[in-house]
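**Q** Here it is, the structure in full.
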Amino acid sequence: MGDWNFLGGILEEVHVHSTIVGRIWLTILFIFRMLVLGVAAEDVWNDEQSEFICNTEQPGCRNVCYDKAFPISLIRYWVLQVIFVSSPSLVYMAHALYRLRALEKQRQKKKHRKLSKAPLRGALLRTYVLHILTRSVLEVGFMVGQYTLYGLELRPLYPCERLPCPDTVHCFVSRPTEKTVFMLFMQCVAAVSLLLNILEISHLGCTRLGLGLWGPEGPRDPGLSEPNKDWSTAHTRA
């Protein structure tokens with residue numbers, strides 16, 4: 001799947017403007033989704049129609065049964081999932097680059113050092129949180145969609161009763177166990193990605209709460225300041 005190169009190049013730029021948790025999410029997207037889809041999953045699923053055999057010679061029966069058994073090819077479904085889940089990150093990246101250019105213009109006027117990325121605050125922070133929430137909703141939607149269409153297991157024998165089939169026809173799915181493993185793997189990866197989204201929202205919330213309570217310098221330890229104060233007072237009296 002050479003077409004991943006374009007999307008991968010854009011997401012590398014998103015990596016620069018993300019938090020630590022966001023970078024882990026992008027790594028999982030690259031390795032456990034795009035790489036697996038391109039290297040392994042496509043080879044497993046490329047025979048789903050050619051090896052879908054039914055015990056009848058009735059014209060058109062095999063096609064309608066295949067359409068019912070596989071409403072959408074899971075490979076294409078997972079490709080759509082990657083594209084849709086990645087799209088909010090592209091919107092955030094566009095906003096981050098816009099903010100970065102605006103800040104660079106201001107700093108050039110003041111002759112400050114060039115920035116490598118825009119600080120995550122204000123409108124940019126709101127965009128970042130919104131893009132995490134959006135991709136979380138999309139992730140859940142695709143997970144529910146896959147479960148609704150295929151469940152958690154592909155059975156080797158598929159009974160079909162659609163016209164023009166005569167009575168009940170039995171069709172056979174190729175490599176059902178291997179395909180089931182990939183289905184469960186992709187669902188697990190989606191669940192981990194969703195968990196990382198939740199952790200990232202929590203991380204941002206705790207960070208903002210810490211800044212609100214202690215300010216940018218962090219909490220002060222009274223146990224370190226009080227002895228110094230007492231020592232300086234005693235030294236002055238002496």
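The values are calculated or read from the model by the stated rules, or taken from the named source; none is laboratory data. As the structure is a prediction and not an experimental result, all values here were calculated from the model. Here the Cβ is made from the backbone with ideal geometry for all residues, glycine too, and neighbour counts use every protein chain on show.
**Q** Could you please find all residues in region 183-206 being surrounded by 13 or more Cβ atoms within 10 Å (Cβ to Cβ) and hydroxyl-bearing (Ser, Thr, Tyr)?
**A** If the condition is that a residue be surrounded by 13 or more Cβ atoms within 10 Å (Cβ to Cβ) and hydroxyl-bearing (Ser, Thr, Tyr), then 193 is the only one that fits.
**Q** Mind checking which pairs have a first residue in region 156-171 that is in a loop (DSSP other than H, G, I, E, B) and a second that is of a type in the set (D, E, K, R) and surrounded by 18 or more Cβ atoms within 10 Å (Cβ to Cβ), Cβ under 9 Å, 6 or more apart or different chains?
**A** So the pair list comes out as 165/62.
**Q** Then there is this: Kindly indicate whether residue 35 is part of a helix (DSSP H, G or I), at pLDDT 75 or above and aliphatic (A, V, I, L, M).
**A** Answer is yes for this residue.
**Q** Select from region 40-77 the residues that are farther than 15 Å from residue 171 by Cβ and small (Gly, Ala, Ser) and write down the one among them that is surrounded by the most Cβ atoms within 10 Å (Cβ to Cβ).
**A** Selected residue: 41.
**Q** With the requirement that a residue be of a type in the set (A, V, I, L, M), surrounded by 14 or more Cβ atoms within 10 Å (Cβ to Cβ) and touching a Cys at 6+ places or on another chain (Cβ under 8 Å), what does region 131-182 give you?
**A** Listed by number, the list holds a single entry, 169.
**Q** Within region 13-25, can you find the residues that are touching a Ser or Thr at 6+ places or on another chain (Cβ under 7 Å) and at pLDDT below 80?
**A** Within region 13-25, just 14 meets the criteria.
**Q** Just give me the residues in region 49-95 being within 30 Å of residue 133 (Cβ to Cβ) and not in a helix (DSSP H, G or I), in sequence order.
**A** If the condition is that a residue be within 30 Å of residue 133 (Cβ to Cβ) and not in a helix (DSSP H, G or I), then 71, 72, 73 are the ones that fit.
**Q** Under 7 Å between Cβ atoms, at least 6 apart or on separate chains: pull out the pairs that start in region 120-139 with a residue that is over 11 Å from residue 201 (Cβ atoms) and end on any residue that is modelled with pLDDT under 90 and in a loop (DSSP other than H, G, I, E, B).
**A** Going by the 7 Å Cβ cut-off, the qualifying pairs are 124/118.
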